[in-house]
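The values are calculated or read from the model by the stated rules, or taken from the named source; none is laboratory data. As the structure is a computational prediction, the values presented were derived from the model and not from experiment. Positions of Cβ are backbone-derived with ideal geometry, glycine not excepted, and every protein chain shown enters the neighbour counts.
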Amino acid sequence: MSELLLPPEHRYAKIIKDRLNEDGSELSVLNLGPTHPATHGIFQNILLMDGERILEAEPTIGYIHRAFEKIAENRPFYQITPLTDRMNYCSSPINNMGWWMTLEKLLGIEVPKRVQYLRVIVMELARITDHLICNSILGVDTGAYTGFLYVFQFREKVYEIYEEICGARLTTNMGRIGGFERDWSPEAFKKINTFLEDFPVAWKEFENLFERNRIFLDRTVNVGAISAEQAMAYGFTGPNLRAAGVDYDVRVAQPYSSYEDFDFIVPVGKSGDTYDRFCVRNAEVWESLSIIRQALDKMPAGNEYHAEVPDYYLPPKEDVYNSMESLIYHFKIVMGEVPVPVAEIYHAVEGGNGELGFYLVTDGSRTPYRLHFRRPCFIYYQAYPEMIKGSLLSDAIVILSSLNVIAGELDA
Amino acid sequence: MALENTQIQDKLIETFNNDVFNFQQERDIFSLEASADTIKPLILFLKNDPELRFHFITDLCGIHYPDNETERQFAVVYHLHNWYENKRLRIKVFLNGEKPEIKSISNIFLSTNWMERETYDFYGINFIGHPQLKRILNMDEMQSFPMRKEFPMEDSGRTDKDDRFFGRTPSNC
Amino acid sequence: MSDSKVNMVAPPEGVVGEGFFATKLNDVVGLARANSLWPLPFATSCCGIEFMATMASHYDLARFGSERVSFSPRQADMLLVMGTISKKMAPILRQVYEQMSEPRWVIAVGACASSGGVFDTYSVLQGIDKVIPVDVYVPGCPPRPEQIVDGVMRLQELVKSESVRRRSSPEYQELLASYNIS
């Protein structure tokens, strides 16, 4: 069987042959993926197995390589936002906002306080949906389908809020340089308030279902543990690193969008195992809820929703049709004929999975000269073979979902 | 005490003399250029020096500058981060356009393993000493390096697009 | 819930009499097939997340007879291709399609699966109909769950009206041959 899968010169073939001579027991090769039912998303791992135990793993990625960076070199700045959506599609608004903030850093635009707070709200909502998906899917993988069906309703509620803000559900393409495309409707705030009332109850129940659940504990405690040193060496960031006990959070280390105004804790785990990752994400959801409440409370009065930057901010549609000035601006912005400084910018935001960085090199033309996305998934997924070594096959699935690897972000 | 730019600069010049140059503060990140040969000792020094402590590599990527002189046609950019002092550092290394190669740092920072593979995949930059330098995102059979500027973005096999409507024929008629 | 209204599928046209009901075999088979489509989600990216929403409690695709998500291609009727299919992935998609047993239907969900979408690049397959035949295309990037449900309902219409002999007809063989699928 293994010959069908592996070329004879593959290193696994050699290991299998050597082991056979040793004691007569037989190793086997298992091809997990890329469309294996148990892995969500398309990850291929060729596993060398001793019975149920994984001895080695060899991941192959790139199955949805879409060449984001190449496209970005051929598109004006406004047209790159839809690409960022499709990177980590579980938390698109964070990507959108990160991209706008990168451009604002490039252009030196100061964004009004109210806009920053609005951004914080939408980014934290995105973080909640991201963690919600990850944790509920982890539940599904350990056999608890109920939690998934229950909390998914609340993800729909968040999507309704997004729809109220920008019109889209999943790939939001939200915002503009300097702010939002329109002010948030009262309905949006109403929906956020309803969400803040209803969701904690459900999330508490969800937590109760898992936190001291014997089956869940057995499946997750000490499964896929990684030490802090190892995690840092492998470039972990975000909840997965914090689960290992390192309190690095971009929101705290390099606050953007006025995160310094809010009072929140950075939850950390201890052992970096699957259970700790689950708990850290759970705790982060509570922190996100608290940040949203604070942002709503502290929200400056007024209805400012964008910075006054006519060179980069698309004018309202009525003006485009009725005034010459606005039409010219509209045309220039859409065609990308706006002045852009020559610079190299790195901006990082705390994405759903860790430090999401944008490295932008401009040469003054209408498109980026080079745009590199620091995709946290891509960097930490390389630790996966190390983490599943010696564990059972079914644990490998659980570890994969607890890492929250998003295929779109992994393959760019 | 925060880590000052001048402190980094002095220390690096003291150790690496002329192999590190072009120090400047670019917006919020202090950056420098280094020669290709010195990158490995430089990164190791930055990581292990008790004062500098750049112990985390945030990002590694390539850039193609086809219009530069041959000696500077490719660049590899390293973003390092010191979490203790919260200081970022960017190192840019320019490489020869005909034979782009540089020492791999994947045994200093494990996380650069795939990042270097990705850079190889996109630009064909050879990382000497990399344990498994092969394509990662694209198919193994691919011949060219897609992120080089001369490589077309669009799928060459498309038949359903009329070039005239995309401004891609000289006469556009 | 007791107050929920259950809509029964209407019987096909036929002759009703005392204790018997006569109709065409085609219609009965079509009806049965259309209301028990087992989906095989081939989810690669964003559209897959919307499919999750479609399957979950809010939209509940199970109402249309697709309760059981079949992850094995051997036991599935309806292949839902959701998300970008890169050239690296294309042979695998083909393999999955070949493994499915007849009758099999394909829905291309989303712009990427239908035409490559915004990703007109060297690495992306410009529409899955380059490698496998497609029955229904669902537009959108990603389509809303309602659209996916609509796509499934359109497919049900197709399935209902499909002749039981279609799969052995020369036209169908020709179609498969044009994709080099035997």
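Might you let me know whether region B:93-112 holds any residue that is away from chain A (no Cβ under 11 Å), under 20 Å from A:Tyr346 (Cα atoms) and of a type outside the set (Gly, Ala, Ser)? If you could, list the steps in order and put the result at the bottom.
So in region B:93-112, the residues away from chain A (no Cβ under 11 Å) come out as B:93-105.
Now drop any that are not under 20 Å from A:Tyr346 (Cα atoms), which leaves B:93-94.
Imposing the further condition that a residue be of a type outside the set (Gly, Ala, Ser) reduces the set to B:93-94.
So far as region B:93-112 goes, yes, one or more of its residues are away from chain A (no Cβ under 11 Å), under 20 Å from A:Tyr346 (Cα atoms) and of a type outside the set (Gly, Ala, Ser).
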| note | Every listed condition ((1) touching a Gly at 6+ places or on another chain (Cβ under 8 Å); (2) more than 27 Å from A:Gly108 (Cβ to Cβ); (3) of a type outside the set (Gly, Ala, Ser)) holds for A:Arg374 save (2)
| query | What are the pairs, 6+ residues apart or on separate chains, where a residue within region A:181-194 that is in the same structural domain as A:Met299 (by TED's automatic domain parsing) has its Cβ under 8 Å from a residue that is of a type outside the set (Gly, Ala, Ser) and in a loop (DSSP other than H, G, I, E, B)? | reply | A:Glu181/A:Met174; A:Glu181/A:Leu314; A:Arg182/A:Tyr305; A:Asp183/A:Asn303; A:Asp183/A:Tyr305; A:Trp184/A:Tyr305
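One line per residue, one yes/no per condition, for (1) surrounded by fewer than 18 Cβ atoms within 10 Å (Cβ to Cβ); (2) of a type in the set (Gly, Ala, Ser); (3) more than 27 Å from C:Gln99 (Cα to Cα); (4) touching a Pro at 6+ places or on another chain (Cβ under 7 Å):
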| site | (1), (2), (3), (4) |
| --- | --- |
| C:Val9 | yes, no, yes, no |
| C:Phe21 | yes, no, yes, no |
| C:Val28 | yes, no, no, yes |
| C:Leu31 | no, no, no, yes |
| C:Asn35 | yes, no, no, no |
| C:Pro39 | no, no, no, no |
| C:Phe42 | no, no, no, no |
| C:Met52 | no, no, no, no |
| C:Met55 | no, no, no, no |
| remark: Per the filter on region A:206-228, residues hydroxyl-bearing (Ser, Thr, Tyr) and either in contact with a Leu (Cβ under 7 Å, 6 or more places away or on another chain) or not in a loop (DSSP other than H, G, I, E, B) (or both) are A:Thr220
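If you go through region A:258-277 one residue at a time, do you hit one that is of a type in the set (A, V, I, L, M) and part of a helix (DSSP H, G or I)? Break it down stepwise before answering.
First pass over region A:258-277, keeping only residues of a type in the set (A, V, I, L, M): A:265-266, A:268.
After this cut, where a residue has to be part of a helix (DSSP H, G or I) as well, the list is none.
Among the residues of region A:258-277, not one is of a type in the set (A, V, I, L, M) and part of a helix (DSSP H, G or I), which makes the answer no.
From the residues in region B:151-173 that are within 14 Å of chain A (Cβ to nearest Cβ) and farther than 28 Å from C:Pro91 by Cβ, which one is modelled with the highest pLDDT?
Only one residue fits best here, namely B:Phe166.
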| When residues of region A:140-156 are limited to those that are under 19 Å from the mean Cα position of the chain (by Cα) and more than 8 Å from chain C (Cβ to nearest Cβ), the one nearest to A:Leu217 (Cα to Cα) | A:Val151
| request: Would you mention how many residues in region C:140-182 are of a type in the set (A, V, I, L, M), over 27 Å from C:Thr23 (Cβ atoms) and surrounded by 13 or more Cβ atoms within 10 Å (Cβ to Cβ)? | output: 4
| request: Just need a number here: residues in region A:262-272 that are in contact (Cβ under 8 Å) with a residue 40 or more places away in the chain and under 26 Å from A:Arg114 (Cβ atoms). | output: 1
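Taking the stated definitions as given, is A:Ala231 assigned to a helix (DSSP H, G or I), small (Gly, Ala, Ser), touching a residue at least 24 places away in the same chain (Cβ under 8 Å) and over 23 Å from B:Trp114 (Cβ atoms)?
On the way: assigned to a helix (DSSP H, G or I): yes; small (Gly, Ala, Ser): yes; touching a residue at least 24 places away in the same chain (Cβ under 8 Å): yes; over 23 Å from B:Trp114 (Cβ atoms): no.
Taking the combined requirement at face value, the residue does not satisfy it.
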| task | Looking only at region A:174-187, decide whether some residue is touching a helix residue (DSSP H, G or I) at 6+ places or on another chain (Cβ under 6 Å) and assigned to a helix (DSSP H, G or I). | result | yes
| Restricting attention to region A:335-356, and to residues there that are surrounded by 13 or more Cβ atoms within 10 Å (Cβ to Cβ) and β-branched (Val, Ile, Thr), which single residue is farthest from the other protein chains (Cβ to nearest Cβ)? | A:Val338
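Table: residues versus (1) modelled with pLDDT of 90 or more; (2) closer than 19 Å to A:Ile388 by Cβ; (3) touching a Pro at 6+ places or on another chain (Cβ under 9 Å).
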| position | (1), (2), (3) |
| --- | --- |
| A:Arg11 | no, yes, no |
| A:Lys17 | no, no, no |
| A:Asp23 | no, no, no |
| A:Asn31 | no, yes, no |
| A:Ala72 | yes, no, yes |
| message | Suppose the filter is over 25 Å from A:Ala233 (Cα atoms) and more than 13 Å from chain B (Cβ to nearest Cβ); does A:Asp311 pass it? | response | yes
| said: With the requirement that a residue be facing chain A (nearest Cβ under 9 Å) and over 22 Å from B:Glu118 (Cα atoms), what does region B:29-84 give you? | reply: B:Ile29, B:Ser31, B:Trp83
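Yes/no matrix, rows are residues, columns are (1) buried (at least 17 other Cβ atoms within 10 Å of the Cβ); (2) in contact with a strand residue (DSSP E or B) (Cβ under 9 Å, 6 or more places away or on another chain):
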| site | (1), (2) |
| --- | --- |
| A:Leu170 | yes, no |
| A:Gly178 | yes, yes |
| A:Glu187 | no, no |
| A:Lys190 | no, no |
| A:Glu205 | no, no |
| A:Phe210 | yes, no |
| A:Asn240 | yes, no |
| A:Ala244 | yes, no |
| A:Asp261 | no, no |
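Report yes if some residue within region B:115-131 is in a loop (DSSP other than H, G, I, E, B) and within 11 Å of chain A (Cβ to nearest Cβ); otherwise report no.
Within region B:115-131 (the criterion being in a loop (DSSP other than H, G, I, E, B) and within 11 Å of chain A (Cβ to nearest Cβ)), the answer is no, since none of the residues qualifies.
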| request: Please note which helices (runs of 4 or more DSSP H) are completely contained in region A:34-131 and include at least 2 residues that are more than 14 Å from chain C (Cβ to nearest Cβ) and buried (at least 24 other Cβ atoms within 10 Å of the Cβ). | output: A:92-107
| When you look at A:Tyr359, is it within 11 Å of chain B (Cβ to nearest Cβ), of a type in the set (Ser, Thr, Tyr) and surrounded by fewer than 23 Cβ atoms within 10 Å (Cβ to Cβ), yes or no? | no
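Per-residue answers, yes or no, for (1) of a type in the set (Phe, Trp, Tyr); (2) out of contact with any helix residue (DSSP H, G or I) (no Cβ under 6 Å at 6 or more places or on another chain); (3) more than 26 Å from B:Glu26 (Cα to Cα):
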{"residue": "B:Leu89", "(1), (2), (3)": "no, yes, no"}
{"residue": "B:Phe94", "(1), (2), (3)": "yes, no, no"}
{"residue": "B:Thr112", "(1), (2), (3)": "no, yes, no"}
{"residue": "B:Met115", "(1), (2), (3)": "no, yes, no"}
{"residue": "B:Tyr120", "(1), (2), (3)": "yes, yes, yes"}
{"residue": "B:Lys134", "(1), (2), (3)": "no, yes, yes"}
{"residue": "B:Glu150", "(1), (2), (3)": "no, yes, yes"}
